[in-house]
Amino acid sequence: MWTSEQVLALAPDANSAKNGRSLASLAKWPLIGRSEQVVWGECRGSGKNPYRTQIDLMEPAFRCSCPSRKFPCKHALGLFLLLAEQADAIQSSTPPDWVTEWLEKRSQTAQRKETKAAAKASQVADPEAQAKRARQRAAKIEAGLADLEQWLQDIVRQGLATLPNQPYRFWDQAAARLVDAQAPGLARRVRSLASIPYSGKDWPERMLRALGKLHLLVQGYRQLEALAPAMQAEVLSQIGWPQTQEDLKLRAEQGDPLVLQAKDIWQVMGKVTYEEDNLKVQRSWLRGHQSQRSALVLNFAHGTQPLDVSLVPGTGFAGELIFYPGTGVQRAFVASREAATLQIDGQIMAATIEESIRDYAQALGQNPWLGSYPLMLSPVRPTYQEERWWLQDTADQVLPLATRFQHPWELLAISGGHPLKVFGEWDGETLRPLSVLTETQFLAMEG
């Protein structure tokens, strides 16, 4: 069963959550009903006709006749909150025609996608054309790497002390050249360097580490054939070599040992959403209940397009993931899932700070370009010392919380001075809590 916190975590912004809460009243819904798969209702609005709202509970998916471009809209949030908080007051019945038609269209669309994907996978690609495109891309990347290597050498030759005086275009132009060279992964890393000289007294050390990782990536690509297959895949991924889900499904069906398929009960532990150059990015962290394997699911949306909302922190599903080739903590996508939505309980396995950092060090040894790393910590409690927040365990080990974490006082209130289970992202220096598990509930801290 869905909780209010999980529903509100779907809101696109705070204003939508507030307005959705105001509509979570049966008096505002003259027509309302539900079945095992769907909940629907008609909500009074400013127009002549009520807004028709429906939610497919299997994903979840939403539809509303209101003109809002937000997804889900306030009406969908209000209806979902009613289901979460007053399910017994919503009578089970047969869905009306307008709901049934929507469900049928969704089923037909899903079938067409599967048919299209199967047809594409069955097509025999022209190996000569594929090889030609690969050679052309490789040549562009090689030219881009030569340019990047010269740029890195110039920085070291001139000294790091000159970097705070560089305008943003110094970094942006270098990144743009890498985009032209079809190496978008490298371009993102170069753009991220621009903020380091203004991020604290120890910025030279962090800048040197970041430049060293870039140099290591260039050398790794140059020596690609000498690397193990999994590391080759990781280097290509870090460079930005494209991989489609259709291609990975086909490789998995053909038994490619680099493309792992894993069936499990996947628990959604946390989610982070942010914007980058008019592109909305969503990181969802999954953890296998049986395998204890972590997976990172990335979703992207351009402009006003909505992000996928089917992975809600605090819920889980039985299904299969397909992992992108690589090393360390791997990115994955949901290949299939069962309809039932499960709830995360407080019995999930966790580790001490010392154990978690040891696991992180091992993962870093497998992948030196490792970004955010998932940690499930217990027992820990928040503490404020030396003008910053920390998580401290019973062995007096501590981890500093990220300054961008906005809810330290809320975390302290939840703990009440007692140990908690905290899930978060570790970047090698600070931890960003994403969710908290008590004995009775799961609370998402970020979204």
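Suppose we keep only residues that are among the hydroxyl-bearing types (Ser, Thr, Tyr) and either in contact with a Cys (Cβ under 9 Å, 6 or more places away or on another chain) or surrounded by 14 or more Cβ atoms within 10 Å (Cβ to Cβ) (or both) within segment 402-434. Which one would you say is farthest from Pro379 (Cα to Cα)? Filtering first and then ranking leaves Thr430.
Gln232 - would you say it is touching a Leu at 6+ places or on another chain (Cβ under 7 Å), in a helix (DSSP H, G or I), free of Cβ contacts under 8 Å to residues at least 12 places away in the same chain and at negative phi? Write out each step before concluding.
On the way: touching a Leu at 6+ places or on another chain (Cβ under 7 Å): yes; in a helix (DSSP H, G or I): yes; free of Cβ contacts under 8 Å to residues at least 12 places away in the same chain: yes; at negative phi: yes.
In short, yes.
Limited to segment 88-106, what total is found for residues that are in a helix (DSSP H, G or I) and either surrounded by 10 or more Cβ atoms within 10 Å (Cβ to Cβ) or in contact (Cβ under 8 Å) with a residue 40 or more places away in the chain (or both)? Number of matching residues: 10.
Inspect segment 263-278 for any residue being closer than 18 Å to Gly326 by Cα and open to solvent by 40 Å² or more (accessible area, probe 1.4 Å) and give the result as yes or no. Working first, answer last.
Applying the first criterion (closer than 18 Å to Gly326 by Cα) to segment 263-278 yields none.
No, segment 263-278 contains no residue that is closer than 18 Å to Gly326 by Cα and open to solvent by 40 Å² or more (accessible area, probe 1.4 Å).
Name the single residue that is modelled with the lowest pLDDT among those in segment 235-259 being among the hydrophobic types (A, V, I, L, M, F, W, C), part of a loop (DSSP other than H, G, I, E, B) and crowded, with 17+ Cβ neighbours inside 10 Å. Before the answer, list the steps.
Start the filter on segment 235-259 by keeping residues that are among the hydrophobic types (A, V, I, L, M, F, W, C), which leaves 235-236, 239, 241, 248, 250, 252, 258-259.
When the remaining residues are screened for being part of a loop (DSSP other than H, G, I, E, B), the result is 241, 258-259.
When the remaining residues are screened for being crowded, with 17+ Cβ neighbours inside 10 Å, the result is 241, 259.
Numbers: Trp241: 90, Val259: 95.
Among those that are among the hydrophobic types (A, V, I, L, M, F, W, C), part of a loop (DSSP other than H, G, I, E, B) and crowded, with 17+ Cβ neighbours inside 10 Å, it is Trp241.
List every residue pair whose Cβ atoms sit under 8 Å apart, with the two residues 6 or more apart in sequence or on different chains, where the first one lies in segment 361-385 and is free of Cβ contacts under 8 Å to residues at least 40 places away in the same chain and aliphatic (A, V, I, L, M) and the second, anywhere, is open to solvent by less than 40 Å² (accessible area, probe 1.4 Å) and assigned to a strand (DSSP E or B). Sorted first by the residue in segment 361-385, then by its partner, the pairs are Ala363/Tyr373. If you go through segment 360-401 and pick out every residue that is open to solvent by 40 Å² or more (accessible area, probe 1.4 Å) and of a type in the set (A, V, I, L, M, F, W, C), you end up with 5. Tallying residues that are over 27 Å from the mean Cα position of the chain (by Cα) and either open to solvent by 50 Å² or more (accessible area, probe 1.4 Å) or closer than 23 Å to Glu101 by Cα (or both) within segment 18-38 yields 12.
Out of all the residues in segment 292-304, is one or more exposed (fewer than 14 other Cβ atoms within 10 Å of the Cβ) and of a type in the set (Ser, Thr, Tyr)? Yes.
Mind checking which residues of segment 144-189 are of a type in the set (Gly, Ala, Ser) and either exposed (fewer than 15 other Cβ atoms within 10 Å of the Cβ) or more than 22 Å from Glu225 (Cβ to Cβ) (or both)?
Across segment 144-189, the qualifying residues are Ala146, Gly159, Ala161, Ala174, Ala175, Ala176, Ala187.
Arg135 passes every criterion in (1) touching a Ser or Thr at 6+ places or on another chain (Cβ under 9 Å); (2) over 27 Å from Trp203 (Cα atoms) apart from (1). Scanning segment 173-212 for residues that are more than 25 Å from the chain's Cα centre (by Cα), among the charged types (D, E, K, R) and under 28 Å from Ala134 (Cα atoms) gives Arg177, Asp180.
Residues in segment 198-209: is at least one open to solvent by 80 Å² or more (accessible area, probe 1.4 Å) and over 22 Å from Thr430 (Cα atoms)? It would help to see each step written out before you state the result.
First pass over segment 198-209, keeping only residues open to solvent by 80 Å² or more (accessible area, probe 1.4 Å): 198, 201, 205, 208-209.
With over 22 Å from Thr430 (Cα atoms) added as a condition, the list becomes none.
No, there is no match, as no residue in segment 198-209 is open to solvent by 80 Å² or more (accessible area, probe 1.4 Å) and over 22 Å from Thr430 (Cα atoms).
When you check Thr53 against the structure, is it open to solvent by less than 50 Å² (accessible area, probe 1.4 Å) and polar (S, T, N, Q), yes or no? Here the answer is yes, as Thr53 does meet what is asked. Under the condition of being acidic (Asp, Glu) and either closer than 18 Å to His289 by Cβ or touching a residue at least 40 places away in the same chain (Cβ under 8 Å) (or both), which residue from segment 343-358 is least open to solvent (accessible area, probe 1.4 Å)? Out of the qualifying residues, it is Asp345. When you scan segment 37-58, do you find a residue that is more than 19 Å from Ser310 (Cβ to Cβ) and among the β-branched types (Val, Ile, Thr), even just one? Within segment 37-58, none of the residues are more than 19 Å from Ser310 (Cβ to Cβ) and among the β-branched types (Val, Ile, Thr).
Yes/no per residue for (1) at pLDDT below 90; (2) in a loop (DSSP other than H, G, I, E, B); (3) surrounded by fewer than 18 Cβ atoms within 10 Å (Cβ to Cβ):
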site: Glu5; (1), (2), (3): yes, no, yes
site: Leu10; (1), (2), (3): yes, yes, no
site: Asn15; (1), (2), (3): no, no, yes
site: Gly45; (1), (2), (3): yes, yes, yes
site: Glu59; (1), (2), (3): yes, yes, yes
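Of the residues that sit in segment 306-339 and are farther than 20 Å from Pro257 by Cα and of a type in the set (D, E, K, R), which one is most open to solvent (accessible area, probe 1.4 Å)? The extreme case among them is Glu338.
Yes or no, residue by residue, for (1) touching a helix residue (DSSP H, G or I) at 6+ places or on another chain (Cβ under 9 Å); (2) free of Cβ contacts under 8 Å to residues at least 60 places away in the same chain; (3) assigned to a loop (DSSP other than H, G, I, E, B):
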position: Gly20; (1), (2), (3): yes, no, no
position: Val39; (1), (2), (3): yes, yes, no
position: Gln54; (1), (2), (3): yes, yes, no
position: Cys66; (1), (2), (3): yes, yes, yes
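When Gly417 is tested against (1) on the phi < 0 side of the Ramachandran plot; (2) free of Cβ contacts under 8 Å to residues at least 40 places away in the same chain; (3) over 22 Å from the mean Cα position of the chain (by Cα), only condition (1) is not met.
The criterion of at least 1 residues that are closer than 30 Å to Arg189 by Cβ and charged (D, E, K, R) is met by the following strands (runs of 3 or more DSSP E) wholly inside segment 351-418: 388-393.
The values are calculated or read from the model by the stated rules, or taken from the named source; none is laboratory data. All values derive from a computational prediction rather than experimental measurement. Every residue, glycine as well, gets a Cβ built from its backbone with ideal geometry; the counts of neighbours run over all protein chains shown. Calculation scope for accessible area: heavy atoms of the full protein, side chains included, ligands and nucleic acids excluded. Shrake-Rupley method; radii C 1.70, N 1.55, O 1.52, S 1.80 Å.
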